[in-house]
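For reference, the structure is listed below as structure tokens.
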Amino acid sequence: MTISLKGVSALLVAAALLLSACDGNNGQAPAAGDRSAKPTEQAVELNVAFPIFRAVPKDLPLVQDSINKIAQEKINATVKLIPISYGNWDQQVNLMLSSEDKLDLMFVEANNYSNYVAKGQLVALDQLLEQHGQGIQKALDPVYLKAARISGAIYGIPTVRDFANNHGFTMRQDLADKYHIDVSHIRTLDDVEAVLKTIKANEPNVAPLIPGNIGRSMLDSYHTFDTLGDSIGVLPNYDNNFKVVNLYESQEYAQFLQKMRSWYTQGLIQKDAATNKTSQFDLIRFNRGFSYFSNMKPGFEQQESKSSGVAVVTASLLPPVSTTSNVTSVMWGIPVNSRTPDKAMDFLNLMYSDKEIVNLFDWGIEGKHYVSHSDNVIDFPHGIDAQTSGYSLNLGWLFGNQFLSYVFKGSDPTIWQQMDEFNKSAIKSKALGFTFDASPVKTEYAAVSNVVTEYKLPLETGSVDPDKILPEFISKLKSAGIDKIIAEKQKQLNEWAKNNK
């Protein structure tokens with residue numbers, strides 16, 4: 001996402017930070033949520049922008065009012081919630097920032113984080129965190145906050161959720177049961193192949209293996225390297241002594257392509273996998289597919305079953321791993337357009353520390369949008385469902401600290417404890433916290449990205465012969481400048497490693 005910002009100088013950022021540092025108590029502000037706001041202070045309204053993936057809930061104003069009652073009492077601030085359709089997110093946020101409209105908090109995702117920072121669009125948060133973010137610091141392990149650093153400063157706060165994933169294999173439960181497939185025995189690609197052959201032999205109208213989503217290849221959800229953000233220069237085994245390598249020239253890549261090609265020629269992979277425009281959920285729902293590789297986490301089976309409307313089972317193929325991309329995929333930042341970054345941080349702190357605020361965002365108003373079944377388990381009120389509820393965003397991963405969220409009926413009540421243990425047990429990439437800045441090689445980066453777009457899906461879905469096409473792919477990558485990109489990435493990683501010992 002490329003967003004330009006005009007008319008905002010570095011002096012404004014510095015002034016905003018200075019004001020926040022000196023705000024009250026000679027710069028020693030107590031933690032947000034740990035105090036009541038002074039009644040003589042004028043309440044501040046904060047503009048908060050975030051993406052949504054369906055229609056704006058009709059009861060959003062009611063939820064906003066309920067949030068504001070709490071926020072005004074605790075930090076003497078209110079919020080104006082600005083939901084933006086994800087399809088229009090780039091354009092709308094670009095307009096808000098470039099016109100210098102007041103914007104106090106916004107969703108930030110990994111693939112545009114470094115661009116925001118490079119363009120001076122986000123406030124550095126380190127000082128604000130110390131003075132107004134004690135709840136955030138308590139909720140987030142320092143290693144995850146550190147992962148959001150760029151050039152030594154934090155500009156985005158990751159939400160508390162899954163910070164890792166383990167690559168696995170997802171299957172329709174009905175067919176797995178029908179053919180007595182023992183999920184516990186599926187641990188390798190050879191095991192997966194045996195399962196796919198069973199489906200091929202008995203279900204001729206069902207593709208044994210489909211892509212994990214539109215535009216995804218099999219490699220996207222089954223690999224043993226840190227992509228370092230883009231796979232244009234990767235870190236094998238999440239370590240490799242910080243040596244960045246060209247994935248596409250590696251023996252491991254060639255072997256994977258040969259395996260996928262073998263599967264494809266045997267009819268084990270969806271014929272149009274490289275050009276498929278149907279989600280994995282619809283392919284499963286309409287009996288056109290049996291399985292897909294997936295990035296898993298606790299509760300994943302239920303999540304996928306709910307999304308497709310068909311029960312699925314999963315097999316874990318690789319241990320959980322945490323990379324920068326996992327951690328920074330969902331964050332919150334304070335734009336330089338904010339007039340009151342200290343108050344913005346106060347409210348953000350509530351999103352990570354106040355259970356009532358979190359659940360208003362996640363589920364709406366108790367008694368109207370949900371009812372309690374036990375201390376931590378909720379359900380829709382009688383006669384209400386996701387389609388008829390006035391507030392059903394289902395975006396718990398977005399609003400601060402998901403571990404404070406209630407659990408919806410049908411989910412494991414201990415899901416957040418499981419998620420916490422999952423995060424802690426995950427292998428930490430040696431490059432966790434590193435973010436590549438492609439601006440020094442932007443011309444080559446654009447050219448290489450175009451080449452990857454042309455060849456990636458056909459090769460990584462087995463749709464073309466790698467013996468013929470892989471050398472052509474590598475040659476075009478070389479001509480486009482991939483070696484220069486990898487050298488720059490290596491240089492930046494070396495510098496990052498030196499500063500993060």
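Observations, loosely collected:
- Taking amide H as placed 1.01 Å from N in the peptide plane, residue 312 has its amide H under 5 Å from the amide H of 173, 305, each at least 5 places away in sequence or on another chain.
- The chain, relative contact order in percent, only Cα pairs under 8 angstrom and at least six apart counted: 23
- A simple spin-label model places pseudo-atoms 7 Å from Cα toward Cβ; at residue 237 and residue 151 they are separated by 3.5 nm.
- The candidate values are [x] 23.9, 76; [y] 22.8, 72; [z] 24.6, 85; the one derived from this structure for Rg and Dmax of the Cα atoms in Å carries the label [x].
- Percent antiparallel among DSSP beta bridges (both partners in the chain, rounded to 5): 55
- Sorted fewest first by neighbouring Cβ atoms within 10 angstrom, 453, 340, 159, 278 come out as 453, 278, 340, 159.
- The value of relative contact order for the range 120-263, using C-alpha pairs under 8 Å at least six residues apart, is 11 percent.
- Our summary gives the range 101-168 a relative contact order of 32 percent, counting only alpha carbon pairs under 8 angstrom and 6 or more residues apart.
- Relative to the longest principal axis of the Cα atoms of the chain, the long axis of helix 482-499 makes an angle of roughly 50 degrees.
- Annotation: extensible slack from residue 382 through residue 184 equals 67.4 nm (criterion: 0.36 nm per residue apart, minus Cα-Cα distance).
- Residues residue 271 and residue 251, FRET efficiency given R0 of 25 Å [Cβ-Cβ distance, rounded to 0.05]: 0.35
- Taking the fewest neighbouring Cβ atoms within 10 Å as the starting point, the ordered list for 419, 106 is 419, 106.
- Full extension of the chain between residue 65 and residue 454 yields a length gain of 135.1 nm, computed as 0.36 nm times the residue separation minus the alpha carbon distance.
- Packing-based exposure ordering (other Cβ within 10 Å, fewest first) of 65, 141: 65, 141
- With a threshold of 24 Å on the Cα-Cα distance, the over-threshold entries among 119/297; 200/297; 69/424; 146/428; 69/306 are 119/297; 200/297; 69/424; 69/306.
- Using alpha-carbon coordinates, inclination of helix 10-21 to the longest axis of the chain, degrees: 60
- Segment residue 468-residue 111, length gained on full extension (0.36 nm per residue, minus Cα span): 125.3 nm
- FRET E, pair residue 439, residue 55, Förster distance 30 Å, beta-carbon r, rounded to 0.05: 0.20
- With respect to the chain, whose longest principal axis is taken over its alpha-carbon atoms, helix 341-353 is tilted by about 60°.
No lab work stands behind these numbers, since they all come straight from the coordinates. These numbers come from a predicted model, not from an experiment. Positions of Cβ are backbone-derived with ideal geometry, glycine not excepted, and every protein chain shown enters the neighbour counts.
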